[in-house]
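Asks: My questions will all concern the structure given below.
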Amino acid sequence: MNPEESLDRHLDQSPALEQARRASVVAHSVVIKLKEMGLPDEMDEDLSQFCTDLGDLWSAQITLASQVENFLKKPHDSQKTGDDLVDLKATIEHMAWHLKNIGQPMDNITNWAYSQSEA
């Protein structure tokens, strides 16, 4: 097996890669919807930020739900509990970063949407 086939096989088996693909599909679908609605090109920077953050938040909520479920199912073990809590915190901080950044672009796009309904 050549190195390229080996890499392809590894990537195909990676659940994280599959989730990343789904997040990018979500983000791209939002771009398509808003562009089809007539979002102007001058708002592409807001659109890019909004879609990236929204896709990552969508993906992170799946990760968070899985982490919480796995945490609750595990037997009592202080070391593993500590590790799980560190992982949960990392996911929550990742989400917090996107929540902080999505606000302004989302507000700008929301204002545009409302202005279209008044036209």
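Rule-based calculations on the coordinates, nothing more; no lab input. Just so it is clear, the structure is predicted and the values come from calculations on it, not from any experiment. In this analysis, Cβ positions are derived from the backbone assuming ideal geometry, glycine residues included, and neighbour counts consider all displayed protein chains.
Asks: For the range 52-119, rounded, prolate or oblate, judged on the Cα gyration tensor with a ≥ b ≥ c (square roots of eigenvalues), a/c < 1.5 rounded, else prolate if a/b > b/c?
Replies: On the way: a/c = 5.69, a/b = 3.34, b/c = 1.70.
It comes out prolate by the Cα gyration axes.
Asks: If I model a spin label as a point 7 Å beyond the Cα along the Cα-Cβ vector, how far apart are those points for SER14 and ALA65 in nm?
Replies: The modelled label-to-label distance comes out at 2.4 nm.
Asks: Can you tell me the length gained on complete extension of the stretch ILE92 to VAL25, counting 0.36 nm per residue apart and subtracting the Cα distance? Intermediate results must be reported in sequence, preceding the final value.
Replies: Values: separation 67, 0.36 × 67 = 24.12 nm, distance 2.22 nm.
Gain on extension, ILE92 to VAL25, equals 21.9 nm.
Asks: Find the centroid of the Cα atoms in the range 18-72 and in the range 83-119, then give the distance between the two in whole Å.
Replies: Taking the Cα centre of each part, the range 18-72 and the range 83-119 sit 10 Å apart.
Asks: Now, a different point. For the pair ASP107/SER78, report the inter-label distance in nm, with labels modelled 7 Å from Cα in the Cβ direction.
Replies: My value for the distance between the label points is 4.7 nm.
Asks: To the nearest 0.05, how large is the calculated FRET efficiency for GLU42 and LYS100 if R₀ is 22 Å and r is the Cβ-Cβ distance?
Replies: Taking R0 as 22 Å, the efficiency between GLU42 and LYS100 is 0.40.
Asks: Have a look at the chain and give its Rg and Dmax from the Cα atoms, expressed in angstrom.
Replies: 18.9, 61
Asks: Given contacts defined as C-alpha pairs under 8 Å and at least six residues apart, what's the relative contact order of the range 3-118, whole-number percent?
Replies: About 32 percent, as a whole number.
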